[in-house]
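Asks: Before I ask anything, here is the structure I am working with.
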Amino acid sequence: MPQRQLPIFPAGVTEINSSIAVQKEKEQVWYIHGHLPVFHHHEEDVRSFRMFTSQMIVNGTVKPKEIVKAFGVPSITVKRYVKVFREQGVKGFYETKSRESSASVLKGEVLERARALLEQGRSVPDVSSELKVLANTLHKAIRAGRLPAPPKKTDSAARQQSPPKASAARATAKRRWDMERYVRWSVSRRRWDCWHRRQSNFRRPAM
C-alpha cells in the first residue's frame, strides 16, 4: 500500500504566487492574501489543507503546479481533490464514509442462503456471484466460523474434470509410430520384392 505524502509547511513565510503566501507559526498554517490572513488550520489538519488549496485552484487564485511546488505534494493528488471540491464542495472533505463490516452484510436470510449453498458443495466464487456478496466477505465469515468451509476437490475429481491431455498425446504418438512402422515395412517389402526379382532373372537358365 503506497504511503500517503503529506504537505510540507516551511517555517516562516512562503510565497505561493504574487497574490497569496503561506506562513507557519506555532503549529498553525496561515494563508495571507496581500496583507490579510484569509484562512488558517493546524499543520496536521490535512483535510483543511486539501479543501482550501482546492478552493483556491477552482476560484483561479492559484494554479495546481504552484501548490505542488509550494507544498511538495504529488500533482495527481492535487487534481484528485480539486475534482472532489468541484463535485461535492467543502463537505466532501469532512464527511466520513461509513464502511459496512462483513458481519453487517452477512446476516439473516443472506447468511442462511450462503450457508446452504456452501453445504451443497458450491464454491465461494459461485456463492459470491449468486448472492452479490464479495468473495473476501465470504472468506472472512468462513475463517470466523460463521460459514462452513467449501469441500476441497479430491485428486480423482480434479483428474476427471481436467481434460485428458496426456491420454490424447499418447494416442497421437502411438498412431504416428504405427504409421512410421507401416511405412518402413512397406519400403522394406518393396526392396525385398525388387531384390527377389533380380535374383530370379539372374538364375534363369539360358535357352
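The values are calculated or read from the model by the stated rules, or taken from the named source; none is laboratory data. Treat the numbers as computed from the prediction; the structure is a model and nothing was measured. Neighbour counts are summed over all protein chains in view; Cβ atoms, including those assigned to glycine, are modelled from backbone coordinates with ideal geometry.
Asks: Which condition does ARG50 not pass, out of (1) over 31 Å from the mean Cα position of the chain (by Cα); (2) within 27 Å of GLU95 (Cβ to Cβ); (3) not hydroxyl-bearing (Ser, Thr, Tyr), if it passes all the others?
Replies: All conditions pass for ARG50, except number (1).
Asks: On to the next question. So which of THR154, THR137, THR96 is modelled with pLDDT under 70 and of a type in the set (Val, Ile, Thr)?
Replies: Checking each option against the conditions leaves just THR154.
Asks: Now, a different point. Out of all the residues in the range 130-147, which are part of a helix (DSSP H, G or I), among the small types (Gly, Ala, Ser) and over 18 Å from the mean Cα position of the chain (by Cα)?
Replies: ALA141
Asks: Kindly evaluate LEU117 against the criterion of being part of a loop (DSSP other than H, G, I, E, B), at pLDDT 75 or above and more than 23 Å from the chain's Cα centre (by Cα).
Replies: Spelling it out, it is not the case that LEU117 is part of a loop (DSSP other than H, G, I, E, B), at pLDDT 75 or above and more than 23 Å from the chain's Cα centre (by Cα).
Asks: Is it the case that the range 94-103 has a residue that's closer than 30 Å to GLY12 by Cα and touching a Phe, Trp or Tyr at 6+ places or on another chain (Cβ under 8 Å)?
Replies: Checked against the condition, which is being closer than 30 Å to GLY12 by Cα and touching a Phe, Trp or Tyr at 6+ places or on another chain (Cβ under 8 Å), the range 94-103 yields no hits at all.
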